[in-house]
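Notes follow the structure.
No value in this document is a laboratory result; all are computed from the given coordinates. None of the values given here were measured: they were computed from a predicted structure. Every residue, glycine among them, receives a Cβ derived from its backbone with ideal geometry; neighbour counts consider all protein chains shown.
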Amino acid sequence: MQLVLATNNKDKIREIRNLLDDLQVTILTCDDFLDFPEIEETGTTLEENAILKASGISEFTGYAALADDSGLEVDALDGAPGVYSSRYAGSGCTYADNNRRLLKEMEGVPEGKRGARFRTVIAIDWGDGEIETVEGTVDGRITTENRGVDGFGYDPVFFYEPAGKTFAEMTLDEKNKVSHRGRALIAARERIARRLIGGIELE
Ligand code: ITT
């Protein structure tokens, strides 16, 4: 089975590859195609955007495609940045710009009110008219400063209580075991396994 990862985000590709590594599936990425398109995220929910990306790339490549749309939902900001997480500080902004804006918006918010969650919706367009979606979330809280250098995006400001660390202070394996994307991918693995002819052994 061939499965195209419908994303141009190298950080996501690294995490998704790591989690689907042991499946008998050939993972293709944007690097395997000429003029791999950037699908416009015009939806108003993570689910709509995940489906838009999976379907757009499945149509472009002719293969099954898996897309992830993720966002950070901060309680004190009524769920923002949410579906707009990648461009919170404006179009063309960097991860650092987004974190700077978030920490600014959260200035003065007391410790007990800094709750947040990462949410991922994964859509798989099987290329035969069927589309499936699965979801994963993880709860944490927003720090008052950047901590750690690993991971990407909002990882340096997302404190994960059970580990006593931010996601950027955790290794990729530690993060993948508990993260929104990790949890969504465990569900996605099941769907992929069901499609594999003859089935496979899952851990
Ligand atoms: P694609 O659409 O090409 O997949 P993207 O970066 O635009 O890549 P999203 O639309 O899902 O991805 O945007 C989500 C943003 O949320 C992303 O740019 C990061 O800033 C942040 N984000 C997503 N997953 C994250 C993670 O595991 N840790 C920290 N931040 C994350």
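Structure data summary
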read-out	value
Neighbour-limited loop hits for GluC sites (Glu not before Pro), the range 139-197 (at most 11 other Cβ within 10 Å; DSSP other than H, G, I, E, B)	Glu145
Charge sum, other residues only, whose C-beta stays under 11 Å from Ser58's C-beta, Lys/Arg counted +1 and Asp/Glu -1	-3
Estimated distance in nm for a label pair at Lys10 and Ala80, the labels positioned 7 Å out from Cα along Cα-to-Cβ	3.1 nm
Net charge of Cβ neighbours under 11 Å - reference Asp125; Lys, Arg +1; Asp, Glu -1	-3
Gyration tensor (alpha-carbon) shape descriptor, the range 49-172, a/c threshold 1.5	prolate
At q = 0.11, 0.13, 0.19, 0.26 Å⁻¹, base-10 log of I(q)/I(0) for the range 1-73 (Debye sum, equal scatterers on each alpha carbon)	-0.25, -0.35, -0.75, -1.30
The range 75-116: GluC sites (Glu not before Pro) in DSSP coil with no more than 14 other Cβ atoms inside 10 Å	Glu107
GluC sites (Glu not before Pro) restricted to DSSP loop in the range 1-81 with at most 16 other C-beta within 10 Å	Glu38, Glu40
Nearest-ten-degree value, helix 10-20 long axis tilted from longest Cα axis of the chain	60 degrees
Stretchable slack from Ala96 to Glu40, in nm (0.36 nm times residue separation minus alpha-carbon distance)	17.9 nm
For the range 131-174, alpha-carbon Rg relative to the globular expectation (2.2 N^0.38 Å, N residues)	1.27
Neighbourhood charge, 10 Å Cβ-Cβ cut-off, centred on Pro156 and excluding it, Lys, Arg +1 and Asp, Glu -1	-3
Rounded tilt (10° steps) of 46-61 against the dominant C-alpha axis of the chain	40 degrees
Estimated distance in nm for a label pair at Asn146 and Thr26, the labels positioned 7 Å out from Cα along Cα-to-Cβ	4.0 nm
